[in-house]
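Visitor: Quick one: the structure is below, and I'll ask about it shortly.
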Amino acid sequence: MDRELPRGKWQWWSADHAFVPENHLKFRQDITRWLLARQGKPEVGADGLPTELTEVQQRLIRDSLTRRNRFLSVQTETTGIYTEEEKNEAFATGAPLRAPPEANAVLEAAQQPPREEVIDPVTGKFDCPCCFRRLPARYLEPEAWWQHVESDVGSATCLLDRCLMKPQPFAIDQLYDHVRQYHDPEKLWTLRDIDSARRFPLDPFPENCPICDYTDDDRERVVTHICKELRFFALMALPWATDQMLIVGDEWQEEVDRLWPPHCNVLPCGTWSNDEAWAKRAAKKRTRQEIHEVSLEDS
Ligand SMILES: [Zn+2]
Ligand SMILES: [Zn+2]
Ligand SMILES: [Zn+2]
């Protein structure tokens with residue numbers, strides 16, 4: 001039996017410990033400029049001041065810097081892929097190290113895991129091109145691969161105002177746990193959710209996309225859109241992928257449609273499977289409320 005690999009904040013503990021946001025100024029500038037371009041906003045407003053980002057947008061950028069630092073630190077620490085010269089040159093010039101073998105399987109995780117050939121015939125394992133850890137072959141199974149990449153990348157950022165958690169990216173399947181833990185569910189959003197016939201937990205998502213401002217009467221569409229945005233934005237922090245992903249407009253849409261064609265669910269791991277837990281909780285709350293009402297009538 002393989003031991004479970006550390007996930008989430010434990011996986012990245014040492015990288016996060018050494019995180020200095022100022023070390024990623026160029027990347028910060030690139031993604032800030034990109035985010036504003038996605039909204040059709042200039043970098044500097046008519047008043048000569050930089051265009052202000054919303055609280056949520058600032059949090060998105062901050063999480064992206066955290067991811068960047070994580071990816072950079074594992075990429076520079078890995079042995080066997082890059083030569084010392086390559087690493088020294090990258091360090092001296094600030095240029096990214098080349099993409100590792102099977103890197104596309106990280107971007108295209110929804111469609112294809114790394115090829116079988118990557119498995120080391122002796123150990124039966126392969127090196128993950130995202131976290132560079134040695135993984136057992138069972139991670140090549142499509143769903144396991146998707147989940148693993150999501151857990152490496154942590155594409156979720158809380159999109160609610162006044163979030164009390166220390167900014168830190170987390171996997172999208174932890175979003176509801178986060179909201180329960182850090183936001184007041186009674187007031188903020190559960191009642192609407194319980195009342196909805198479909199019990200589709202949309203409320204921790206804003207009505208407009210925080211990146212491009214997209215909105216639609218069909219909120220499920222908006223949520224799917226936002227989840228793709230989050231994943232795309234998270235992947236942009238991969239040092240070897242940033243340049244090719246700084247795209248806007250139709251080019252962005254085409255790339256998103258390529259990475260997540262309509263037939264593949266962008267949220268197979270967690271968000272929707274949380275539905276069951278959600279429905280159970282909703283049912284429990286409703287029962288409690290009914291009991292309360294009965295006792296009021298009795299008195
Ligand atoms: Zn990995
Ligand atoms: Zn939050
Ligand atoms: Zn958007």
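Read the figures in this text as sums done on the coordinates, not as results from a lab. Just so we're clear, the structure is a prediction, and the values are computed from it rather than from any experiment. When we count neighbours, we look across all protein chains shown, and the Cβ atoms used for this are built from the backbone with ideal geometry, even at glycine.
Visitor: Taking each pair of distinct Cα atoms in segment 71-192 once, what is the resulting Kirkwood hydrodynamic radius in Å? Please list the in-between numbers first.
Guide: Values: mean 1/r = 0.0594 Å⁻¹.
One decimal place: 16.8 Å for the Kirkwood radius.
Visitor: Next question. Calculate, in nm to one decimal, what W13 and A103 gain on full extension: separation in residues at 0.36 nm each, minus their alpha carbon distance.
Guide: Working: separation 90, 0.36 × 90 = 32.40 nm, distance 2.33 nm.
Going from the current span to full extension adds 30.1 nm.
Visitor: Now a separate question. Defining a contact as two alpha carbons under 8 Å apart and six or more residues distant in sequence, what relative contact order in percent does segment 1-84 show? Please list the in-between numbers first.
Guide: Working: 32 pairs, mean separation 32.7, N = 84.
Computed over segment 1-84, the figure is 39 percent.
Visitor: Could you list the residues of segment 94-116 with an amide nitrogen less than 20 Å from a label point located 7 Å from the Cα of R138 in the Cα-to-C-beta direction?
Guide: 113-116
Visitor: Relative contact order for segment 84-171: what is it in percent, counting Cα pairs under 8 Å that are at least 6 residues apart?
Guide: Working: 81 pairs, mean separation 17.4, N = 88.
Answer for segment 84-171 is 20 percent.
Visitor: Once amide H atoms are placed 1.01 Å from N in the peptide plane, what residues at a sequence separation of 5 or more from L135, or on another chain, have their amide H within under 5 Å of its amide H?
Guide: When sequence neighbours closer than 5 places are left aside, the close amide H contacts are F126, D127, C128.
Visitor: Another question about this same structure. Roughly how many debye, to the nearest 20, is the charge dipole of segment 61-104 about its Cα centre, given +1 on each Lys and Arg Cβ, -1 on each Asp and Glu Cβ, and no other charges? Can you show the working numbers first?
Guide: On the way: 6 positive and 7 negative charges, 67 e Å.
For segment 61-104, the charge dipole is close to 320 debye.
Visitor: What does the convex hull of the alpha-carbon atoms of segment 26-66 project to on average, in nm²? Don't skip to the answer; put the middle values down first.
Guide: On the way: hull surface 11.7 nm².
Seen from a random direction, the Cα hull of segment 26-66 projects 2.9 nm² on average.
Visitor: Let me ask something else about it. Below 8 Å between Cα atoms, with a sequence gap of 6+, how large is the relative contact order for segment 28-166 in percent? Present the calculation step by step, with values, prior to reporting the outcome.
Guide: Values: 95 pairs, mean separation 27.9, N = 139.
Value for segment 28-166: 20 percent.
Visitor: Another question about this same structure. Which value, in Å to one decimal place, does the Kirkwood hydrodynamic radius take for segment 1-120 when every pair of different Cα atoms is included?
Guide: Numbers: mean 1/r = 0.0578 Å⁻¹.
Result for segment 1-120 stands at 17.3 Å.
Visitor: Starting at the first residue of segment 136-145, write each ³J(HN,Hα) from the Karplus equation 6.51 cos²θ - 1.76 cosθ + 1.60 with θ = phi - 60°, in whole Hz, x for Gly and Pro.
Guide: x, 4, 4, 6, 7, 6, x, 6, 4, 5
Visitor: Follow-up question, since we're still on this one. Along each of its three principal axes, how wide is the spread of alpha-carbon positions in segment 94-158, in whole angstrom units, largest first?
Guide: Sorted largest first, the three principal extents are 40, 31, 19 Å.
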